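Here's the structure we're looking at; comments come further down.
Every number in this text was worked out from the coordinates using simple rules, so none of it is lab data. Here the structure is a predicted model, which means the values were calculated and not measured. Cβ placement follows ideal geometry from the backbone for every residue including glycine, while neighbour counts extend to all protein chains displayed.
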Amino acid sequence: MMAIPPGPGDVFLALRGLRTMELRLREAERQALALAHWLEGRPEVMRVIHPALAGHPGHSIWKRDFSGSSGLFSVVLQPTPERAVAAMLDGLELFGMGYSWGGYESLVIPFDCTQYRTATRWAPGGPTLRFSVGLEDIEDLKEDLDRGFARLAAAVDRQA
């Protein structure tokens, strides 16, 4: 089967995206770090897993080998029922659900990597969320997560 070459419109859009890619990646990195720092102070969060944070076990290696990070990181919530996490995620308006990392939109997905890790054991202690932070206003993203955490707390209270 012969591949169809891209048309002039496809090439134009690809080139246009490449011209701003460095700016978009730099902004996603900046926003992800700001959000990761903010999440570190949340009582619902047990830990934030981002190598650019000083408390990350691999931070010294990251500092030695990298000049930047990305918009992708994980958060381990305090032990919480799965239904409460679902209520939180269902209430988010700006964060979409999905794995399409690297776009301009912010995404979140619950993630259980115990089934994928084979070299070392993974015991997070609570539900894990993967975030890909995009280009939305950081304060809007925080407000969206504030609403999500309120839904999480309400769902936990209903189950108690």
May I ask for the Kirkwood hydrodynamic radius of the stretch 25-159, worked out over all distinct Cα pairs and given in angstroms to one decimal?
15.3 Å
What relative contact order, as a whole-number percentage, does the chain give when Cα pairs under 8 Å and 6 or more residues apart are counted?
25 percent
Please compute the modelled spin-label separation between residue 147 and residue 72, points set 7 Å along Cα→Cβ, answer in nm with one decimal.
2.8 nm
Within the stretch 20-35: backbone nitrogen closer than 19 Å to the residue 101 label point (7 Å, Cα to C-beta)
21-35
Could you tell me how many degrees, from 0 to 90 and to the nearest 10, lie between the Cα long axis of helix 21-40 and the main elongation axis, the longest principal axis, of the Cα atoms of the chain?
0 degrees
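Can you tell me how much longer the chain between residue 19 and residue 37 gets when fully stretched, taken as 0.36 nm per residue apart minus their C-alpha distance, in nm with one decimal?
Numbers: separation 18, 0.36 × 18 = 6.48 nm, distance 2.95 nm.
Full-extension gain reported as 3.5 nm.
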Helix 8-19 sits at what angle to the longest principal axis of the chain, using alpha carbons and giving 0 to 90 degrees rounded to 10?
60 degrees
